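Accompanying notes for the structure given below.
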Amino acid sequence: MSIKSRGNLLRGVLFGLVLISQTATTEGRIFQDEEHNRPGEDLFKKVWKPNQTDKSNSADGLGPMFNGISCVACHNQGGIGGSGDNIANVQILTVLPRQDSRRNFRLDQIALEMLFKQAVKLHPDFEFQNSVILHRSSVQNEAYGRWLKDIFEFKSVTKATGFESNRKLVEERGRLLFETPIHRVKKGSAKDRYTIQISRRNTPSLFGVGIIDMISDQDILALESAQKKTDGPVKGVASISADGEIGKFGWRGEQSSVAKFTAQACAIELGLSNVDHPQARLPFSKSRYSIQKSHDISKSQIKELVEFVNSLDPKPIRRSKTHSELQLLQKGQEQFHTIGCANCHVQTVGIAKNVFSDFLLHDMGPELADASHSIRKKTHSPAHSPVYGRSKAEFEIQNPQRWQTPPLWGAALSAPYMHDGRADSFHDAILVHGGEAASSVDKYQRLTPFDRKLVLEFLQSLGDDSTGGNEELPPETHGWGTPPPRSRQGRLVRKQP
Ligand code: HEC
Ligand code: HEC
């Protein structure tokens, strides 16, 4: 990372604070549409303010920590509820143990205990896991700004991918991977050095999540066992969420239902405490959570929000205008099958027709690795063992290279791509696939330019944009200093090579 982009990174976070606190005072609802009376839609578009109170709520409103001022601030491409551009990416702060001489992270018991002991001094939420959300904004701007500066002393910054150092790659892939958006800072004295990194998550589209919610666990487990039986490299595993159910939402499938994700999004992205989730707290606070007497958003409001999100239809496949166009798209889809894309991007899963996902986690190789949330500390009785570093602690380590296959329905409207939004086009997205998908990428690269184009044209047909949704959002609805850029071409749908 250059000095300039390093500076921009910090400034990006800090600028967000100032601008959002100014715009956050803008009250009211947006996109007034008299025709429907959908309270959930109003809540999705509502611009929240700090200390906002209304009939049902008397708590502290937006914040104290937040990433956006409304749901639609991030979820808007291709219409309300769509995906988000990179400006809205969520940032994650992760601590990692010191590296050994082979440049691998030391993951032994002592190194991990030392790590957690140090990390909890940075942020209280590092108590049981190695990652926290690095919020864009806080109602306590100045104190948060000081905390941020403290964390990023910018002593030494290296670019890295996951647990492995960069490998030499073919030129084009190398170009993309060089732009890997993980930033690392070394902290601590020589004796107890550790690393902190920032990585990011791109906002996925919510079109069709209500249907995904209804896919049965059996349908997903059947795909898992079918992949186990094949000889090929593709061996997905179902994600098991914290509550023991099959996870279908989030880039790593951490959540099992739209309802749970929504309650969490209210609390984490907007700082709206609710009955199912405590709001994110100030990193320099001493209390376990921001304790409030009442909730910022009521149970019935969450229910309305969930109903609205569940009602968002998947974007349809674009209809071909001519017979020859139809034939070309069919050929493109055949290639998509032949080169193995459909092994993971399964066209139909149970009731989800044309969803193009298997909802399984796959090892996508070291270049897509992100060690965030990869180390968890399990104590046998957390209530009775507040002493850090006790030898009773056990650590659970997750493979940082695993990601859930994202559905491709509507993908033409949801650039940029991949969990961190590093790919601007379908071509770039395919080239950064590795791990279990490596042989599929090789086959793609060996296709004739014409056949490759057919695959891209097929992907471009997933998501009809003739129904609108490309309009710019009024600035007061998103609060970003600059309006979310539509694309390098100035259009929502990015041009493919
Ligand atoms: C700051 C940007 C931002 C805001 C504001 C935001 N989201 Fe999200 N949303 C994201 C990101 C990023 C993810 C992916 C998170 C992950 O996988 O770790 C996501 C994922 C989701 C998902 C899961 C989708 C899937 O298929 O995996 C749901 C549901 C969701 N958000 C609903 C909401 C709701 C409801 C609100 C308003 C209360 C909201 N979001 C506000 C950025 C945002
Ligand atoms: C081994 C399973 C697997 C195979 C094979 C595979 N993919 Fe993927 N695909 C994934 C996963 C997992 C991701 C998300 C990875 C990430 O975000 O880091 C992804 C992401 C994508 C995305 C970006 C979607 C988005 O919303 O960001 C596109 C487009 C895509 N794949 C197309 C293809 C095509 C075309 C092929 C065939 C050349 C293919 N994939 C082969 C698993 C696979």
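Things to note:
- Order of ASP442, ASP42 under a 10 Å beta carbon neighbour criterion, fewest first: ASP442, ASP42
- Phi to ³J(HN,Hα) by Karplus 6.51 cos²θ - 1.76 cosθ + 1.60 over the stretch 209-223, Hz, x for Gly, Pro: 5, x, 6, 4, 4, 8, 5, 7, 4, 4, 4, 6, 5, 5, 5
- Likely footprinting exposure, VAL120, VAL455, fewest C-beta neighbours within 10 Å first: VAL120, VAL455
- The simple spin-label model puts a point 7 Å past each Cα toward its Cβ; for GLN445 and LYS321 those points are separated by 3.6 nm.
- Amide hydrogen neighbours beyond the local backbone of LEU134, cut-off 5 Å, H modeled: GLN91, ILE92, LEU93
- TRP251, TRP48, TRP409 arranged by Cβ crowding within 10 Å, fewest neighbours leading: TRP251, TRP48, TRP409
- Residues whose amide H lies under 5 Å from that of ILE317, counting only those 5 or more places away or on a different chain, are GLY463; hydrogens are built 1.01 Å from N in the peptide plane.
- ASP192-ALA242 pseudo-label distance in nm [points 7 Å out on the Cα-to-Cβ vector]: 2.7 nm
- Couplings 3J(HN,Hα) for the stretch 38-49, derived from phi with the Karplus relation 6.51 cos²θ - 1.76 cosθ + 1.60 (θ = phi - 60°), are 10, x, x, 5, 4, 5, 5, 9, 4, 8, 8, 10 Hz, where x marks Gly and Pro.
- Cα-centred dipole magnitude for the stretch 295-370, charges only on beta-carbon of K, R (+1) and D, E (-1), debye, nearest 20: 500 debye
- Once both labels are positioned 7 Å from their Cα atoms along Cα-to-Cβ, the gap between GLN109 and ARG376 label points is 2.1 nm.
- Proximity of backbone amide H atoms, modeled 1.01 Å from N, is registered between LYS49 and LEU62 at under 5 Å, excluding neighbours fewer than 5 places apart on the same chain.
- Integer Hz, Karplus 6.51/-1.76/1.60 couplings in order for the stretch 59-72, x for Gly and Pro: 9, 8, x, 3, x, x, 10, 8, 9, x, 9, 7, 5, 5
- Cα centroid separation, the stretch 416-469 to the stretch 242-281: 29 Å.
The numbers here are math on the coordinates, done by the rules we state, and not lab data. Nothing here was measured: the structure is a model prediction, and the numbers come from that model. We place every Cβ from the backbone using ideal geometry, glycine too, and count neighbours over all the protein chains shown.
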